[in-house]
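S.K.: This is the structure I have questions about; it appears just below.
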Amino acid sequence: MSRFMQIFHHLIRSVLFLSVLSISSVQAADKIDLIIDTDPGADDVVALLLALASPEQLNVLGITTVAGNVRLDK
């Protein structure tokens, strides 16, 4: 086998090895545990929809609600 072919095969094996490593590291990424505290406003509904539409990144543990769109002390 020529020197060029040896280098080429080594390069291909290295690229394949790095590809497998990168795929396995993406699959092993931890999800973010999340508890959402929200009110029934439109902005919070969008946040809920985005969180629930991302199950591969977020682990929604619970959703709590309060009435109104202001702080509790008001």
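The values are calculated or read from the model by the stated rules, or taken from the named source; none is laboratory data. Here the structure is a predicted model, which means the values were calculated and not measured. In this analysis, Cβ positions are derived from the backbone assuming ideal geometry, glycine residues included, and neighbour counts consider all displayed protein chains.
S.K.: Restricting attention to segment 52-74, does a residue exist that is at pLDDT below 65, polar (S, T, N, Q) and not in a loop (DSSP other than H, G, I, E, B)?
M.R.: The answer is no, given that none of the residues of segment 52-74 is at pLDDT below 65, polar (S, T, N, Q) and not in a loop (DSSP other than H, G, I, E, B).
S.K.: Additional query: Collect the residues in segment 8-34 that are aliphatic (A, V, I, L, M) and either modelled with pLDDT under 80 or exposed (fewer than 10 other Cβ atoms within 10 Å of the Cβ) (or both), keeping them in residue-number order. Outline the logic, then answer.
M.R.: First, pick out the residues of segment 8-34 that are aliphatic (A, V, I, L, M): 11-12, 15-16, 18, 20-21, 23, 26, 28-29, 32, 34.
Once the filter is applied, which keeps residues that are aliphatic (A, V, I, L, M) and either modelled with pLDDT under 80 or exposed (fewer than 10 other Cβ atoms within 10 Å of the Cβ) (or both), segment 8-34 yields LEU11, ILE12, VAL15, LEU16, LEU18, VAL20, LEU21, ILE23, VAL26, ALA28, ALA29.
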